[in-house]
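Some notes on the structure that comes next.
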Amino acid sequence: MATDYQIEIDSLRKSFEQIEQVTNPEELRSRIAQLTEESAAPDLWDDPEKAQGVTSKLSHAQSELDKVTKMSTRIDDLEALLEMATEEGAEDPEMAAELYADLDKELALVLKDLQELHIRTLLSGKYDERSAVVTIRSGAGGVDAADFAQMLQRMYVRWAERRGYATRIMDTSYAEEAGIKSTTFEVEAPYAYGTLSVEAGTHRLVRISPFDNQGRRQTSFAAVEVIPLIEQTDHIEIPESDIRIDVFRSSGPGGQSVNTTDSAVRITHLPTGIVVSMQDEKSQIQNRASAMRVLQSRLLLLKQEEEAKEKKELAGDIKASWGDQMRSYVLQPYQMVKDLRTGFEAGNPEHVFDGEIDGFIDAGIRWRATGEKVAKES
């Protein structure tokens, strides 16, 4: 028995050493020292947005370093626990059984946390460490699609809440009967973009429509777009001649002054046709600034995609993009949520719609990095 446990612990240690090489604790310590110096600057809070960015990055870097350093200690503790259980085996079998039970529990926890650390090492894209801006649009399926879009919005917001991430609804266009035509919201957290970027694509819902008085089954679609949040260090020049700005009165639920003035802003980028609307803030100036920031983020991602496409063409390696239907949520005639790219599936859609999507996200990150399909039920 002890030999089997030792093999497991040795395997965990080997996996951790590989993760440690990628995370590079020394580099993390250097980054923490630099960010600590920046956070101590007397004029830091003269620019609140920059200050929040610095403090957020510092908190994240410290958290990452803690996870790595504590993991090494936890694996050492497993060794010590195994040694104690082995020694007690001959003298006190009952005590040894309790120690082995504790060892089983801790082995499972360490394995789970190691897998999370491994997933993070796969987020090495240029913008992966940014906060994310998520846009959801209802597609084919009429009122069911609008309702589905709102269900997805709640799903991602609940996922963020479970992780302690801040979210901010930036714009929502409500449908006439139920649900939403579209929504844009920000998820403020390090690596939110890298994590959520695997959720981009077309989502499909199959269910008995609550809006059909004949109780027929309905298939509806919604599109999810995820872009990195622009930062002050990014340089995307947008000439005034390339944009058209329209102002209008905010619609839908809002505060007392939100719906009574022409504070909402719509910016159209004429060369690409990209349209960004913003009505979350009460002032037109604030909405314009937010809209410009999202427009810059979309143009930044578009530029990145064009560069990646050009590189693939030059290399003669043109691969198909992600399929139109990247995930299906089936509520009738059976209960199943399945990702069509990774094979990951869950048998409880209610839990998924309540934000329990880490399994899908982790599988998506592994699939994107390695092409690995998991064919696993959560």
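As a rough footprinting exposure proxy, the listed residues 136, 180 were ranked by other beta carbons within 10 Å of their own, and the order from fewest upward is 180, 136.
Under the 0.36 nm per residue contour assumption, what length would be gained going from the current alpha-carbon distance of residue 121 and residue 63 to full extension? Could the numbers behind the result be given before it?
On the way: separation 58, 0.36 × 58 = 20.88 nm, distance 1.45 nm.
The span from residue 121 to residue 63 would gain 19.4 nm if fully extended.
Within a straight-line Cα-Cα reach of under 14 Å, residue 112 can be paired with the following aspartates and glutamates, leaving aside sequence neighbours fewer than 8 residues apart in one chain: 8, 104, 358, 362. For residue 70, list the aspartates and glutamates whose Cα falls under 18 Å from its own Cα; do not include residues on the same chain fewer than 8 positions away. Qualifying aspartates and glutamates at Cα under 18 Å: 10, 17, 20, 26, 27, 79, 106, 113, 116.
Using a simple spin-label model with pseudo-atoms 7 Å out from Cα toward Cβ, residue 112 and residue 37 lie 4.0 nm apart. Placing R0 at 51 angstrom, the Cβ-Cβ distance between residue 4 and residue 49 gives a FRET efficiency of 0.45 after rounding to 0.05. Between helix 2-23 and the chain there is an angle of about 40 degrees, using the helix long axis and the longest principal axis of the Cα atoms. Taking every C-alpha pair closer than 8 Å and separated by at least 6 residues, the mean separation divided by the residue count of the chain gives a relative contact order of 14 percent.
Cα-based values for the chain, radius of gyration first and Dmax second, are 24.4, 84 Å. Counting charges near residue 44 (Lys, Arg +1; Asp, Glu -1) among other residues having Cβ under 14 Å from its Cβ returns a value of -4. If you run the Gaussian network model on the chain, springs between alpha carbon atoms under 10 Å, then out of 219, 36, 135 the most flexible one is 36.
Read-outs throughout are calculated quantities, based only on the coordinates presented, and are distinct from any laboratory measurement. Only a predicted model underlies this, so the values are computations on that prediction, with no experimental measurement involved. With ideal geometry, Cβ positions are generated from the backbone for all residues, glycine too; neighbour counts draw on all protein chains shown.
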